[in-house]
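No value in this document is a laboratory result; all are computed from the given coordinates. What you are looking at is a predicted structure, and each value in this text was computed from that prediction instead of being measured. Here the Cβ positions follow ideal geometry from the backbone for every residue, glycine too, while neighbour counts run over all protein chains shown.
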Amino acid sequence: MTLYSRIVLIAVFAVTCLMFQPGCGKSDDESPSSQVMLIHAEPELDNFSVVYNNDQLSQDLSYPAHSDYVSVPGGKEVLFSIQEPDTDSNLLVLRVKTLTAGKYYSMLMVPEPDFTIEAVIFADTIARADTGKVTLRVINASPNSGEINARIIGLATDTTLTNLEFNPAAPSEMSAFLPGLPEGGYEIFFTNSISGDEIYQINDLQFEAGGSYSIILSGYVPSGTVELPPLLAHIISHRP
């Protein structure tokens, strides 16, 4: 093959790659990624680690902690293993097909009726910092709280998010967004939607302009003589 023929062949290959194969030359590691935050919301579970493709995404995560955002491949099936840190035995193996490249997600580990754990995945909304506004999400991760309302005080008029119910099979029933809040101080009062009884309150919340926050209510409402982990609010900032 002459030098001229080789140059032409190389040029044809390069043009074909650019026109018909946008991912030509990329390895799996360079594929578009999703960002996942791991959140420990099961008070009766010891620390755990999360493994993807033999790599630890989060090690020895304790209740009620959360990880930073970690990158995983987007747009294709991803297999996560939730493991006990000391034994590496699997507590849960999770096959996920719903992660979109370029998007942000929170993966909550929550109680499951058979005294094991379950993972619930929420799509996160990351507020634009230049708007000066705050995006707030409230999640009910308390298995025995029933339907709850979250009354948010600090606005010109009070705002209430209603009928949030713990249901891992339907994450949209567990959570509600409140976008476009002004920065500043807030209080949140959680009440049972039916009885109106107050079950928990958070005072002196400070939200910064351009911030994205989740308030996750986990733990248990006191019930009879059985001693259960009490209610606790996780306050999480989603700024990457």
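Things worth noting here:
- For segment 160-240, size of Cβ-based charge dipole, Lys and Arg +1, Asp and Glu -1, in debye: 220 debye
- Footprinting exposure proxy for ASP197, ASP60 (fewest neighbouring C-beta atoms within 10 Å first): ASP197, ASP60
- With contacts taken as Cα pairs under 8 Å at a separation of at least 6 residues, segment 168-240 carries a relative contact order of 23 percent.
- Exposed trypsin sites (Lys or Arg not before Pro) absent: longest stretch of the chain, with sites in DSSP loops and at most 10 other Cβ within 10 Å deemed exposed: 129-240
- Read-out percent of Cα pairs over 22 Å apart, derived from the coordinates shown; its label in [x] 54; [y] 65; [z] 60: [z]
- Considering only ALA209, HIS66, PRO168, the residue lying farthest towards the positive end of the dipole of the chain is ALA209, judged by Cα position with unit charges set on Cβ.
- Inter-label distance, nm, simple model (7 Å from Cα along the C-beta direction), GLU112/SER237: 3.4 nm
- Nearest 10 degrees, 0 to 90: helix 3-20 Cα axis against the chain principal axis: 20 degrees
- In the chain, Cα pairs under 8 Å separated by at least six residues give a relative contact order of 15 percent.
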